[in-house]
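> Below you will find the structure I want to go over with you.
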Amino acid sequence: MNPLWQQKKLREFCEKKGIHITGYSPLGAKGTPWGTNWVMDSQVLKDIAIAKGKTSAQVCIRWVYEQGVSVLVKSFNKQRIEENLDIFEWSLSPEESEKISQIPQRKGCPADLFIFDESPFKSRFELWDEDV
Ligand SMILES: NC(=O)c1ccc[n+]([C@@H]2O[C@H](COP(=O)([O-])OP(=O)(O)OC[C@H]3O[C@@H](n4cnc5c(N)ncnc54)[C@H](OP(=O)(O)O)[C@@H]3O)[C@@H](O)[C@H]2O)c1
């Protein structure tokens, strides 16, 4: 879960059922085989980060946290680990949250490897219960 794949439909379902969500890849898993640079390259996030004196990563992580979701972010770099933890003493304004909610959505990892002739899933539409 991240600002470019907010999964509102799934979150509404979980909320109704009392299911707590843990959001992994909150930065879009930049640099991994299953991720993309889309989140970290988002101009909306960069603009908010510059205006607040934060980084795009911090804006992402804070946004996920403000959705009431547990955040699972990963870094092997000490400075970035500290940066990623520094999201509790500040918040996004309603205007900033609204801007993030308007970001066009893109599923980062469509997992097309599960779609093949013998698979029960013949399309992304089927694989992801229409949430594509
Ligand atoms: N259960 C599942 O199905 C599932 C699926 C996917 C991921 N996960 C887990 O979720 C955790 C996080 O997900 P993820 O690693 O896929 O994606 P992520 O946390 O969104 O992104 C990790 C990438 O962002 C970089 N990064 C971290 N902090 C940064 C910062 N402040 N500024 C710039 N770049 C930064 C990392 O590089 P550096 O290390 O160089 O900082 C790494 O390339 C991992 O522990 C992963 O194993 C679970």
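> Can you tell me which of 126, 130 is loosely packed, with under 13 Cβ neighbours inside 10 Å and among the acidic types (Asp, Glu)?
Being loosely packed, with under 13 Cβ neighbours inside 10 Å and among the acidic types (Asp, Glu) holds for just one of 126, 130, which is 130.
> Ok, one more. What's the number of the condition residue 111 fails, among (1) on the phi > 0 side of the Ramachandran plot; (2) at pLDDT 95 or above?
(2)
Okay, residues lined up against (1) at pLDDT 95 or above; (2) out of contact with any helix residue (DSSP H, G or I) (no Cβ under 8 Å at 6 or more places or on another chain):
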residue	(1), (2)
3	yes, no
8	no, yes
23	no, no
40	yes, no
46	yes, no
50	yes, yes
63	yes, no
75	yes, no
78	yes, yes
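> Please name all residue pairs, on different chains or six or more residues apart, with Cβ atoms under 6 Å, provided the first residue is in the range 7-21 and is in contact (Cβ under 8 Å) with a residue 60 or more places away in the chain and under 17 Å from residue 132 (Cβ atoms) and the second residue is in a loop (DSSP other than H, G, I, E, B) and of a type in the set (A, V, I, L, M, F, W, C).
7/1
> Now for a different question. Consider the range 22-44. How many of its residues are aliphatic (A, V, I, L, M) and more than 15 Å from residue 71 (Cβ to Cβ)?
Qualifying residue count for the region: 2.
> Considering (1) within 11 Å of the ligand (Cβ to nearest atom); (2) surrounded by 12 or more Cβ atoms within 10 Å (Cβ to Cβ), say which one residue 82 fails and leave the rest.
Evaluating residue 82 over (1) within 11 Å of the ligand (Cβ to nearest atom); (2) surrounded by 12 or more Cβ atoms within 10 Å (Cβ to Cβ) leaves (2) as the failure.
> For the range 45-99, which positions are among the aliphatic types (A, V, I, L, M) and over 15 Å from the mean Cα position of the chain (by Cα)?
Hits for the range 45-99 are 48, 49, 50, 51, 81, 85, 87, 92.
> Still on this structure, I have one more. Residue 52 fails exactly one of the following numbered conditions: (1) farther than 14 Å from residue 87 by Cβ; (2) touching a residue at least 12 places away in the same chain (Cβ under 8 Å). What is the number of that condition?
It fails just one condition, (1).
> Could you go through the range 90-105 and let me know if any residue there is at pLDDT 95 or above, within 13 Å of the ligand (Cβ to nearest atom) and of a type in the set (Asp, Glu).
no
> Collect the residues in the range 14-27 that are over 27 Å from residue 46 (Cβ atoms), of a type outside the set (D, E, K, R) and loosely packed, with under 12 Cβ neighbours inside 10 Å, keeping them in residue-number order.
Answer for the range 14-27, where residues must be over 27 Å from residue 46 (Cβ atoms), of a type outside the set (D, E, K, R) and loosely packed, with under 12 Cβ neighbours inside 10 Å: 18, 19, 20.
> Another one. Quick test for you: out of 59, 39, 64, pick the one residue that is within 20 Å of residue 111 (Cα to Cα) and surrounded by 20 or more Cβ atoms within 10 Å (Cβ to Cβ).
39
The values are calculated or read from the model by the stated rules, or taken from the named source; none is laboratory data. Computed from a prediction, not measured in an experiment: that's the story for all the values here. Using ideal geometry, Cβ is built from the backbone for each residue, glycine included, and neighbour counts are taken over all protein chains shown.
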